[in-house]
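Student: The following block contains the structure, expressed as structure tokens.
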Amino acid sequence: MAADLRPNEIEKIEFAVDIFTDPLTGKLDATKLGDVLRACNLNPSLETLEKLGATKKPGEKTLTVQDIFPIYAETKKDLKNQGCYEDFVECLKLYDKQENGKMIAAELSHSLLCLGEKLNDDQVEKLFADCLPEEDDDGMIEYDNHILHVFFLRKMCEKPLPTE
């Protein structure tokens, strides 16, 4: 299946697998499949990952780089059904009631906790600490500024920023 992939894709997959392979065992746990694919700029849903062979419990299954090649190729075919940077920006605009590029941080937290592929409290807290600018006095954050685009949205989508 590696024959269907370009050399730079093969290199990218091998690099990602190397990063997520357990250094003690030399094996890639199937729980890390999503991490590998996201490191390769794909954004599969949790449902898709489960269909592709990802597991929820560590130690149930291991994968090799040769196993990842066809999984990558299959996931790449389904790019149109994966969320992207622009989709996420459009969703944030729904929460911008004053149309000024700001939204209530608590609404973003609630959305991440309750909608779509939900995050847990610890994940949201870490994401906010790592990626969000400080809230203003009204509890608002600027979702439409360069800092947020570069750090938060890029980390959320793991997609390159669009070129202008």
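Student: Based on the alpha-carbon gyration tensor of the stretch 9-48 and its eigenvalue square roots a ≥ b ≥ c, which shape applies: rounded if a/c is under 1.5, prolate if not and a/b is larger than b/c, or oblate?
Tutor: oblate
Student: Let me ask you something else. Order the following by accessible area, largest value first: 20, 88. Probe radius 1.4 Å; ligands, DNA and RNA are ignored.
Tutor: The residues order as 20, 88, largest area first.
Student: Within the stretch 1-80, how many lysine pairs that are 8 or more places apart, or on different chains, have C-alpha atoms less than 20 Å apart?
Tutor: So the count works out to 16.
Student: Quick one: what are the phi-derived ³J(HN,Hα) couplings along the stretch 13-22, Karplus 6.51/-1.76/1.60 with θ = phi - 60°, whole Hz, x for glycine and proline?
Tutor: 5, 4, 5, 5, 4, 4, 5, 8, 6, 5
Student: Now for a separate question. Quick one: what does P(r) look like for the stretch 35-117 with 10 Å bins over all Cα pairs, in whole %?
Tutor: Result returned by the calculation: 14, 38, 26, 16, 5, 0.
Student: Moving on to the next point. How large is ³J(HN,Hα), in whole Hz, for each residue of the stretch 7-12 in order, when computed from phi with the Karplus curve 6.51 cos²θ - 1.76 cosθ + 1.60 and θ = phi - 60°, using x for Gly and Pro?
Tutor: x, 5, 5, 4, 4, 5
The values are calculated or read from the model by the stated rules, or taken from the named source; none is laboratory data. Every value quoted in this text rests on a predicted model; they were computed, and no experiment measured them. Please note that ligands, DNA and RNA were not included when accessible areas were found on the heavy atoms of the full protein model with its side chains. Shrake-Rupley method; radii C 1.70, N 1.55, O 1.52, S 1.80 Å.
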